[in-house]
Amino acid sequence: MKFFIDTANLHEIKEAHALGVLSGVTTNPSLVAKEDITFEDRLREITEVVSGSVSAEVIATDWEGMISEGLELAKIAPNITIKVPMTPDGLKAVKVFKEKGIKTNVTLIFTANQALLAARAGASYVSPFLGRLDDIGHNGLDLISTISEIFTVHGIDSEIIAASIRHPLHITEAALRGAHIATVPYKVILQLFNHPLTDQGIEKFLEDWNNRNK
Ligand code: E4P
């Protein structure tokens with residue numbers, strides 16, 4: 001499973017990129033709204049740092065509007081992926097983008113049928129939202145298993161992005177259950193490093209080194 005970072009914050013993207021683990025970036029309108037810069041300028045900055053897929057979400061809700069927005073966004077850099085919502089209009093737009101050779105990420109997926117439809121429309125990526133399902137008492141991770149099994153049985157090559165990740169266990173489980181990618185907030189990427197035995201080990205090595213017989 002690969003790591004994307006789920007943010008529009010350039011500092012976080014640069015920090016995660018420097019760790020050497022970053023394969024891409026996802027943004028959404030809520031994340032972009034927190035930043036003090038135009039969407040297009042931020043996408044330009046991100047694509048100068050990251051060569052993997054950078055998802056840019058359209059705001060239009062009609063397919064013609066999604067296409068004209070998406071075509072403009074796609075001009076920013078060759079690694080821009082157009083993110084569209086899981087609606088009939090969204091899938092019409094996916095079909096057109098695919099014909100034009102532009103990658104797409106279908107977002108706000110909450111059922112296996114939605115994922116299957118998105119994949120059949122030609123989505124490069126499908127994004128099931130784990131955390132938001134957990135929030136309403138469903139099991140987001142079970143959805144990853146189901147989508148993964150369906151895609152395997154039917155030889156579907158759309159990649160599954162485990163999205164709406166809230167904690168490290170989501171990541172281990174998403175990997176085990178067949179997600180190709182997890183898109184992870186920077187805070188959670190940092191949590192993945194933590195283990196008290198790692199900290200204690202470093203402390204003890206340094207202590208022994210400092211007390212060595214010279
Ligand atoms: C995915 O592409 C979305 O940007 C994201 O994972 C949403 O996560 P949230 O539920 O924490 O807003």
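Every number in this text was worked out from the coordinates using simple rules, so none of it is lab data. Predicted, not measured: the structure shown is a model, and the values here were computed from it. Note that each Cβ is placed from the backbone with ideal geometry, even for glycine, and that neighbours are counted across all protein chains shown.
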Test: residue in the stretch 58-67 that is within 16 Å of the ligand (Cβ to nearest atom), surrounded by fewer than 21 Cβ atoms within 10 Å (Cβ to Cβ) and in a helix (DSSP H, G or I): no
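Report yes if His154 is more than 18 Å from the chain's Cα centre (by Cα), surrounded by fewer than 18 Cβ atoms within 10 Å (Cβ to Cβ) and over 16 Å from Asn105 (Cβ atoms), otherwise no.
It is true that His154 is more than 18 Å from the chain's Cα centre (by Cα), surrounded by fewer than 18 Cβ atoms within 10 Å (Cβ to Cβ) and over 16 Å from Asn105 (Cβ atoms).
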Some residue of the stretch 151-160 being within 13 Å of the ligand (Cβ to nearest atom) and in contact (Cβ under 8 Å) with a residue 60 or more places away in the chain: no
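Quick grid of which residues meet (1) without any contact (Cβ under 8 Å) to a residue 12 or more places away in the chain; (2) within 18 Å of Glu159 (Cα to Cα); (3) in contact with an Asp or Glu (Cβ under 9 Å, 6 or more places away or on another chain):
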{"site": "Phe3", "(1), (2), (3)": "no, yes, no"}
{"site": "Ile37", "(1), (2), (3)": "yes, no, yes"}
{"site": "Met66", "(1), (2), (3)": "no, no, yes"}
{"site": "Asn79", "(1), (2), (3)": "no, yes, no"}
{"site": "Thr104", "(1), (2), (3)": "no, yes, no"}
Within the stretch 24-45, considering residues that are outside any loop (DSSP other than H, G, I, E, B) and either more than 14 Å from the ligand (Cβ to nearest atom) or of a type in the set (Phe, Trp, Tyr) (or both), the one farthest from Ala60 (Cα to Cα): Glu45
The lone exception for Gly178 - which of (1) within 16 Å of the ligand (Cβ to nearest atom); (2) at positive phi it fails: (1)
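Every residue, every condition in (1) more than 13 Å from the chain's Cα centre (by Cα); (2) under 19 Å from Val126 (Cβ atoms); (3) surrounded by fewer than 15 Cβ atoms within 10 Å (Cβ to Cβ), yes or no:
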site	(1), (2), (3)
Lys2	no, yes, no
Asp6	no, yes, no
Glu15	yes, no, no
Gly20	yes, no, yes
Gly24	no, yes, no
Val32	yes, no, no
Glu40	yes, no, yes
Leu43	yes, no, no
Ser55	no, yes, no
Val188 being surrounded by 21 or more Cβ atoms within 10 Å (Cβ to Cβ), β-branched (Val, Ile, Thr), within 23 Å of Lys83 (Cβ to Cβ) and within 13 Å of the ligand (Cβ to nearest atom): no
Tally, over the stretch 12-23, of residues that are of a type outside the set (D, E, K, R) and within 16 Å of the ligand (Cβ to nearest atom): 4
Pairs where the first residue, in the stretch 106-131, is touching a residue at least 60 places away in the same chain (Cβ under 8 Å) and the second is of a type in the set (Asp, Glu) and within 11 Å of the ligand (Cβ to nearest atom), C-beta under 7 Å, 6+ apart: Thr107/Glu57
